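All remarks here apply to the structure that follows.
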Amino acid sequence: MNMSLILDSEKCTACGACVDSCPFGVLSLEGENLVIGEGCTLCGACVEVCEAGALALPETEAPSPRPGVPPGGVWVFAEQRHGVLAQVTRELLGEATRLAKEIDAPVAAVLLGDRVEHLVPELQAAGAQRVYLAEHPLLAEFLEEPYAAALTELARRFEPEIILAGATYAGRAFIPQVAASLKTGLTADCTAFAIDPEKRLLLQTRPAFGGNIMATIITPRTYPQMATARPGTFKPLAAGDSRDGQVIRVEFNPGETSPRSRFLGTVAEIKERVPLAGAEVIVAGGRGLKEAKNFNLLEELADLLGGAVGATRAAVDAGWISYPQQIGQTGKTVSPKLYIACGISGAAQHLVGMQSSDFIVAINKDPAAPIFQVADVGLVGDVLEIVPALIQEIKKSRS
Ligand SMILES: Cc1cc2nc3c(=O)[nH]c(=O)nc-3n(C[C@H](O)[C@H](O)[C@H](O)COP(=O)(O)OP(=O)(O)OC[C@H]3O[C@@H](n4cnc5c(N)ncnc54)[C@H](O)[C@@H]3O)c2cc1C
């Protein structure tokens, strides 16, 4: 099929309107002749401005109809490291349970590793009605190729309708390979999911255009519908319910897989004092703190509350605190029980990383600061007066 712009030179008046309209500079006039150069994206801008009707877009193939609904339900990639389940897996199983109810589908976890069977009850307690378990020495440490091969093979065999994974180092590394092998779409770094129950579409929301808008993306023509989500975005199911389910043990046959990467060893990460991930209390600071030394106040308050210190990108960019403590779209996503935002305006890119916190206290001298819209308690005033006063009060009440 001809997939280039169609020019009817009989009709062309060489007016040049199309040349001016082309955002890619592909069109030019050579005397009375219109020349279509390399790089046309078929955007159609020229067709719209051509009053002579000399330009047309090629007919495109009608999209192939959506295949029948696969039977495998909603899957969560059960991320584990050295036999310890990643918290994001529980969060995604909680979200998968909510989504699956809307389409009356089962929830399954895919557990890859070596000697990881002990994690099955944890996955069941977190909401997995089925656990697909593949154990093999090659899956002991995370390596992209065997993990991608194993998940792709399982998806081909058991046909999930949806696959969710954490937007973690591992998820970001191998999930795109799985989506490419399955010839389906993937939305990375989602911050919200919903279901269109009539069309059984997964609505995948994520920041787009530098975080200036939230885009909702669908995968309307292929299965599985695949997405990754940041850790800390969703809530796990409430603990305590006893849940069980089916375990489907599958052979992983590495076959021709000869990974281009090899596992050499583990290097311990230098951690911040109290790690942000999983902290129940976070005291976060922004540009309103004015200078680096004022973060000492936040550290003191965090220590008193047994919490961690976080920051906005503005504070990190100013060099007041290091990047691992940045919260937001290009930092970490957190969901503590208590989040104290100090001198933070509440930009969308920051809110996306903390707004699922259970209780938010905001301190800002500007009563119109957007952070107050998500705060449960707002203190209007100077953070450099309020935080020391809070510290004093806590110390007094403890003594
Ligand atoms: C692509 C992209 C990604 C981004 N990713 C992130 C991200 O991951 N995380 C993030 O945080 N930002 C991110 N940003 C930046 C974001 O848009 C904001 O610029 C940033 O969050 C603002 O930080 P802030 O609230 O500290 O500073 P400001 O917006 O400058 O706010 C400072 C606040 O402090 C208050 N204040 C000043 N003095 C005092 C005082 N003495 N007492 C009390 N309050 C006071 C002010 O009223 C103001 O509301 C991103 C931006 C882009 C474009």
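For the reader, a short list of remarks on this structure follows.
- Cα-based reach from LYS290 at 12 Å (exclusive), listing aspartates and glutamates while leaving out same-chain residues under 8 positions away: ASP382
- To the nearest ten degrees, helix 295-305 and the longest principal axis of the Cα atoms of the chain are 60 degrees apart.
- Per-residue ellipticity at 222 nm, computed for the chain from helices alone with -39500 (n - 2.57) per DSSP H run of at least four residues, works out to -7000 deg cm²/dmol.
- Taken one residue at a time, the phi angles of segment 171-181 give Karplus couplings (6.51, -1.76, 1.60, θ = phi - 60°) of x, 5, 6, 10, 4, x, 5, 5, 4, 5, 5 Hz. Gly and Pro are set to x.
- Relative contact order, whole percent, for segment 179-233 stands at 41, derived from Cα pairs under 8 Å and 6 or more residues apart.
- The largest-to-smallest principal axis extents of the Cα set in the chain are 92, 56, 45 Å.
- Taken over segment 281-398, the percentage of Cα pairs per 10 Å bin, counting from 0 up to the bin with the maximum distance, is 16, 53, 30, 2.
- 0 to 90° range, to nearest 10: angle between helix 144-158 axis and the chain longest Cα axis: 70 degrees
- Chain lengthening between ALA56 and CYS43 when straightened (0.36 nm per residue, less Cα-Cα): 3.6 nm
- Highest mean packing first, where packing is the average number of other Cβ atoms within 10 Å per residue, the peptides 149-160, 334-345 line up as 334-345, 149-160.
- Remark: the ILE394-LYS235 segment gains 54.3 nm on full extension, using 0.36 nm per residue and subtracting the alpha carbon distance.
- Net charge, ARG249 excluded, C-beta distance under 10 Å - Lys, Arg +1, Asp, Glu -1: -3
- Here the accessible area of segment 1-99 is 52 percent carbon and sulfur, with a 1.4 angstrom probe and all protein chains present.
- Only lysines eight or more places from LYS293 in sequence, or on another chain, were considered; those with a Cα closer than 25 Å are LYS271, LYS332, LYS365, LYS395, LYS396.
- If you take all other residues with their beta carbon under 10 Å from the beta carbon of LYS365, and give Lys and Arg +1 and Asp and Glu -1, the sum is -3.
- Short-range pairs are left out: with C-alpha atoms under 8 Å and at least six residues apart, the relative contact order of segment 328-399 is 28 percent.
- Net lengthening on full extension, ASP303/VAL84 (0.36 nm per residue, minus Cα-Cα): 76.1 nm
- Accessible surface, per residue, of the chain when the full set of protein chains is kept, probe 1.4 Å, Å²: 51 Å²
- Percent accessible area from carbon and sulfur atoms, segment 281-398, protein chains only, probe 1.4 Å: 53 percent
- For ALA292 and THR216, the FRET efficiency from 1/(1 + (r/R0)^6), where r spans their Cβ atoms and R0 equals 35 Å, is about 0.35.
The values are calculated or read from the model by the stated rules, or taken from the named source; none is laboratory data. Since this is a predicted model, take the numbers as computed values, not measurements. Counting neighbours? That spans all protein chains shown, and the Cβs are built from the backbone with ideal geometry, glycine included. Surface accessibility is based on the protein's heavy atoms, side chains included, excluding ligands, DNA and RNA. Shrake-Rupley method; radii C 1.70, N 1.55, O 1.52, S 1.80 Å.
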